[in-house]
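Report on the following structure.
The values are calculated or read from the model by the stated rules, or taken from the named source; none is laboratory data. Only a predicted model underlies this, so the values are computations on that prediction, with no experimental measurement involved. No Cβ is skipped: glycine too gets one built from the backbone with ideal geometry, and neighbour counts run over all protein chains shown. Each accessible area value is taken on the protein alone, full model and side chains, heavy atoms only, with ligands, DNA and RNA left out. Shrake-Rupley method; radii C 1.70, N 1.55, O 1.52, S 1.80 Å.
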2 protein chains.
Amino acid sequence: MMLARTRMRRVAAACKKGVRNGMPSTTRTINTQMDDSYPILLSPSLVSLDLPDIWPTNSRPNDFQSTCRCSNEQTAAIIDGKSIAGEIMSRIACQVWRMKESIGRVPGLAVIMVGQRRDSQTYVRNKIKACEETGIKSSMTELHGNCKDDEVVNVLSRFNEDPSIHGILLQLPLPQHLDEEKILDVMSLEKDVDGFHPLNMGNLAMRGRQPLFIPCTPKGCIELLMRSGVEIMGKKAVVIGRSNIVGLPTSLLLQRHHATVSIVHAFTKNPEQITCEADIVVTAAGVPNLIRGNWLKPGAVVIDVGTNPIEDPSCEYGYRLTGDVCYEEAVRVASAVTPVPGGVGPMTIAMLLSNTLDSAKRAYDFT
Amino acid sequence: MMLARTRMRRVAAACKKGVRNGMPSTTRTINTQMDDSYPILLSPSLVSLDLPDIWPTNSRPNDFQSTCRCSNEQTAAIIDGKSIAGEIMSRIACQVWRMKESIGRVPGLAVIMVGQRRDSQTYVRNKIKACEETGIKSSMTELHGNCKDDEVVNVLSRFNEDPSIHGILLQLPLPQHLDEEKILDVMSLEKDVDGFHPLNMGNLAMRGRQPLFIPCTPKGCIELLMRSGVEIMGKKAVVIGRSNIVGLPTSLLLQRHHATVSIVHAFTKNPEQITCEADIVVTAAGVPNLIRGNWLKPGAVVIDVGTNPIEDPSCEYGYRLTGDVCYEEAVRVASAVTPVPGGVGPMTIAMLLSNTLDSAKRAYDFT
């Protein structure tokens, strides 16, 4: 209790001083002011983006201009996701503190983990740590890897009923023997901070509707683009991969922002012919070094969602993480690239906290 | 009652003789056998299409070969939607007759129309007529154009409860003053034969899930492609337009069939640069003659969903329908084209009946 209070005081102090929440910036990022009137996220509400389709009867002139030429030198700016996520988390911490001061409540996130996958354990540990840093209450439930559907459903149902919990995170993937679809369907829509419920996905896809939550990684990708000053409307975007967690919602979200989106997947022939025409490439294929330099248009912006473990005895745990993009080649062609690690990963966590905060604000009617 | 019996006997007789249900074929179509073991639709269940993404580490060789060259002559086969829809409706009539003979029940479709839009009246009339031709029971409710949300909701709720109704069709668009989203959310998912509910759309979008109903026009487009022998997997497909009714679900459905899909819309710059690389073009922009010959790759297959009324004093009603495609130019470039009218339109109705039949089969556990 004392520890929690100390933490909250530290966050509040950091909030007042306007320093970054223990996450120093190492490369250039967009500077944002720390006053409370500034929004946490730059990405606007989805509704306002629902512009009517007014079709021209003739095609429009080609107004694309490459902003960058191929070279042997690094031309790309590095999009520092760790630093941007840190800024966002500072703002979240400020708002959590303000909520606590105003109404005596804080957002609550419940995390359910089934089994002992090492990667899941790492992800969950990072999420819990981020909750602590921002003053969000977290509640962790670990279930045995061979537990039954009903046990997961029971835990989920308990959190559904708990008014101090505003977001529930069921760490995926679940062990094979569990019925993921059936279990996820039990989750309260109002607490589905991952945004994976099909009703949420349908509302993300459909014009004139809006989801309660935007899935975290796609939301983080858009925020990275916007904070890097990348215009999305009217640009050609390619999403590589079509998973429910990343590829699908990212393509839907980019369309919401009026990009012209192509979805490349494993059945795509000559994918490099499609990617090399794109102004924005978001890749979530799960294949190390799939995206070579010659897959990219000079000046393209590349968001690398891939986090692929590669054996490396020189590293502490015997492996290192690498993205889908051949980074050394991409930085010589693209105008901006996210690194792995330190790009999209920290943003996913920041967006999870952002969704949890939004959910708590809705629950308490707090603005 | 006598009339209904006569109609059913006529359908059953036609069913036995194997003739087309009053819809003669005027151009070449795929011949299908009339025995009952042959499926109504060629498009397979969605689940079996959920193949895993296995990514190559290198790009694949270019195996596309144009099957057709540009010329001054018509090169395109005409995809005769009217004839194909007629065949499908014959098969539906057979199954309705079999259901009636076996369990003494028939599928029931409720149609709700609000206001007196002339185009809606035409569409609804055609749907009711198609029900009569196949032996599906139809129930029509017309509401005044200035009725309130609650009145529409009440009618919908009554049909939700009625066990003899297996599909409910709320003819869109509704008058501006009505809350379409709120009203549509009332519709029972089990009777949403249009497939417009966001939960249905989410299940269409997500891997590993399947919707109860596939929206009629997109389902009709896929059926036209499959019956015309067009391979979809691995092909480049462009969908023009991103409406909830056509564009969005068509792009999702083509992805389910493993096409590489690009979605072109009003904010797309130089859309012709994207369409002219596509093997399959599905257009639902609502702009007459938007798609010119030079927008198409030689040998492309073109599905024209556009139904745009053009003033024409020489026509009976003072207007004629035209598609989004400049037909005269397209037939000289494409390998296959759907006409307007007589292409996608009749297929939409056939798919509505197919969905209603499927719903009744589910309700009665009839195979």
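Brief remarks follow.
- The modelled label-to-label distance between A:D150 and B:I128, using points 7 Å beyond Cα along the C-beta direction, is 5.2 nm.
- Centroid-to-centroid, using Cα positions, the stretch B:82-101 and the stretch A:258-318 are 48 Å apart.
- The phi-based Karplus calculation (6.51 cos²θ - 1.76 cosθ + 1.60; θ = phi - 60°) puts the 3J(HN,Hα) values of the stretch A:103-119 at 10, x, 10, 10, x, x, 10, 9, 10, 10, 10, 10, x, 10, 4, 5, 5 Hz, whole numbers, x for Gly and Pro.
- Cβ neighbours within 10 Å from other chains - mean over A:252-260: 4
- Counting only lysines at least 8 places from A:K361 when in the same chain, those with an alpha carbon closer than 19 Å to its own are A:K100, A:K137, A:K191, A:K219.
- A:K236 long-range amide H proximity, modeled H, under 5 Å: A:T260, A:D279, A:I280
- In sequence order, calculated HN-Hα J values of the stretch A:142-155 (Karplus, 6.51, -1.76, 1.60; Hz; x Gly/Pro): 9, 10, 5, x, 9, 6, 9, 3, 4, 5, 5, 4, 4, 4
- Of the trypsin sites (Lys or Arg not before Pro) found in the stretch B:201-295, not one falls in a DSSP loop while having at most 14 other beta-carbon atoms within 10 Å.
- Taking amide H atoms as placed 1.01 Å from N in the peptide plane, the amide H of A:I291 lies under 5 Å from those of A:V325, A:C326, each 5 or more residues away in sequence or on another chain.
- Between amide H atoms placed 1.01 Å from N, distances below 5 Å from A:I79 occur with A:V337, A:T338, all of them 5 or more places distant or on a separate chain.
- Distances from B:D185 to itself in the other copies, using label points 7 Å out along the Cα-Cβ axis, amount to 2.1 nm in increasing order.
- When the P(r) of the stretch B:126-245 is calculated, the portion above 24 Å amounts to 38% of the C-alpha pairs.
- Average projection area in nm² (convex hull over Cα atoms of the stretch B:216-345, one quarter of hull surface): 7.7
- Inter-copy label distances at A:E328 (7 Å, Cα→Cβ; nm, one decimal): 6.0
- Take every pair of alpha-carbon atoms less than 8 Å apart whose residues are at least six positions apart; their mean separation over the length of the stretch B:169-297 yields a relative contact order of 20 percent.
- Accessible heavy-atom area order of B:D150, A:D304, highest first, probe of 1.4 Å: B:D150, A:D304
- Among the GluC sites (Glu not before Pro) in the stretch A:156-233, those located in a DSSP loop and surrounded by at most 14 other Cβ atoms within 10 Å of their own Cβ are A:E231.
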